[in-house]
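Here, each number is a calculation from the coordinates, and none is a lab measurement. All values reported here derive from a predicted model rather than from experimental measurement. All Cβ positions, glycine included, derive from the backbone under ideal geometry; neighbour counts span all protein chains shown.
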Amino acid sequence: MDKRRLLQINPVLRQSTSTGRIMREIGEVAMDAGWESYLAFSRGRDGDMASTSQTVPVGTRLDVAVHGLSTRLLDRHGLGSRRATRRFIADIERIDPDIIHIHNIHGYFLNYPMLFRYLAECGKPVIWTVHDCWLYTGHCYYYSFIGCDRWERGCGHCPQRGSFPRSWVRDRSAKNFRQKRDAFLSVPADKFVIVPVSDWIRGEMSRSFLKGYRYEVIHNGIDLEAFSPREGSGVRAKYGIGADDTLILGLASIWIKEKGFDDLMKMSEMLRGGERLVMVGKMTPEQEKSLPKSITYIRRTDNVAELAELYSAATAFVNPTWQDNYPTVNLEAQACGTPVVTYRTGGSPESLTPATGRIVEQGDVAGMLSAVRELRNLDREELRALCRSHAEANFSKHDRYKDYLRLYESLLGR
């Protein structure tokens, strides 16, 4: 019997990106189960990447540049790359996959009306993992920070035209909304399954034009071997933090307002003696200059072992995000035995239990710091064990990827 063939689609394949890593690892689990795995990605974004799966590079750097310019000037994100998309569709026909699994198609590399005309007619099961909100809005990929609900009524007069995917000149959000609706609703309901990675975004999409499709929530998972409790004394010594000090850890790939940068600046002003805030992630030079002495800044670490040590050394991990789907940093912290304090934002609270963290309302910086102090006074070893056991029961990437395999098999009637 021929092997089943899986084709996944995402603009990036790099291991250092969350969606790229997820796509790679799903492919590896599928191959272990006897499937052939193909990964389609933007050559213009990533170059020619290697993988244990078979790779399907899409487009060129010039395609990405032209598509990006069209987005900046005309707000036509997802409407360029026609030649690249035609060639990609020819690749799909050559591969003849049994399952087509989309992660993201925004990213300046595909023309979604062309792709979905093909998907509507090819008769193949399509799965779309929802990592953000772009697929059902007329422009933005998140709207929580500004409290926008125009996507429920068709968009127009977009308040986030200047945010990714940024448009300098035109606001085409109402027309984009209609084009997305027409394209995405063209796939037959019995061939299309939407997989939100949080219950929150599942609830949001129940009010979108995609509400009539089948949904299967599958949370993200992490590597529980890489993220596990470590000895934290070394990393405390490295950054000059006393063994008995309260270490409050915050982490973001890029520190922006939406990730809570301003909130942590306010928190730093409330700290007492023996309390230290450590912030990990990229900042602008202006942000770096504004940091008070009570904050220890680590520009970034791509070293997973050091990151696990930082999580393990922390008294608590704080996540003051104002818009998020299902942040993996919360999972990583708990897997390292560290409780999490987060805002009631999107899917951020979904990974926590009363035993492994605290949830406070958005903007309640004092409440977040109070929750850290409450957790500090609990039995550290017991708390560490509760966080780790919760992670082992719920966050294993292998378990979550097997959920995808079960979904694939159900769609193929096996």
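Its convex hull of Cα atoms gives the range 45-149 a direction-averaged projected area, equal to a quarter of the hull surface, of 7.9 nm².
Can you figure out the FRET efficiency of Ser389 with Lys293, using R₀ = 45 Å and their beta-carbon distance, to the nearest 0.05?
Working from the Cβ atoms, E equals 0.75.
Here the scattering of the range 233-394 is modelled by Debye summation over its C-alpha atoms, one equal scatterer each and no solvent; at q = 0.08 Å⁻¹ the log10 of I(q)/I(0) is -0.19.
Since only Phe41, Thr52, Leu62 are under comparison, the one whose Cα sits farthest along the positive direction of the charge dipole of the range 7-83, derived from C-beta charges on Lys, Arg, Asp and Glu, is Leu62.
For the range 340-401, just say rounded, prolate or oblate: build the C-alpha gyration tensor, square-root its eigenvalues into a ≥ b ≥ c, call rounded for a/c under 1.5, and beyond that prolate if a/b exceeds b/c, oblate if not. Because a/c hits 1.5 or more and a/b fails to exceed b/c, the range 340-401 counts as oblate. Within the chain, the longest run free of GluC sites (Glu not before Pro) that sit in a DSSP loop with at most 16 other Cβ atoms within 10 Å is 1-215.
Between the beta carbons of Glu269 and Thr353, assuming R0 = 22 Å, the FRET efficiency works out to 0.10 to the nearest 0.05.
Measuring from centroid to centroid over Cα atoms, what is the spacing of the range 130-144 and the range 353-397 in Å? Cα centres, the range 130-144 to the range 353-397: 29 Å.
The angle between the Cα long axis of helix 112-122 and the main principal axis of the chain comes to about 60°, on a 0 to 90 degree scale. Starting from the Cα of Lys238, draw a straight line to each of the lysines and keep only those under 17 Å, dropping any in the same chain fewer than 8 residues away. Those lysines meeting the cut-off are Lys293. Put in line by how crowded their Cβ is, counting other Cβ atoms within 10 Å and starting with the fewest, Asp244, Asp403, Asp171, Asp63 read Asp244, Asp403, Asp171, Asp63. Straight Cα distances below 21 angstrom link Lys124 to the lysines Lys3, Lys180, Lys191, Lys211, Lys402, with same-chain residues fewer than 8 positions distant left out.
In a DSSP loop and with at most 10 other Cβ atoms within 10 Å, the trypsin sites (Lys or Arg not before Pro) in the range 267-348 are Arg272, Lys293, Arg299.
Can you give the FRET efficiency to the nearest 0.05 for Ser186 and Arg61, using r as the Cβ-Cβ distance and R₀ = 30 Å? It comes to 0.50. Short-range pairs are left out: with C-alpha atoms under 8 Å and at least six residues apart, the relative contact order of the range 98-245 is 23 percent. Ordering Met267, Cys148, Pro285 by Cα displacement along the dipole of the chain toward the positive end leaves Cys148 in first place; charges were set at the Cβ atoms of Lys, Arg (+1) and Asp, Glu (-1).
For a footprinting-style exposure proxy, rank Ile146, Ile127 by other Cβ within 10 Å, fewest first.
Ile146, Ile127
Between Tyr215 and Asp48, the contour length at 0.36 nm per residue exceeds the alpha carbon distance by 56.8 nm. Here the contact order of the chain, divided by its residue count and restricted to Cα pairs under 8 Å and six or more residues apart, works out to 13 percent.
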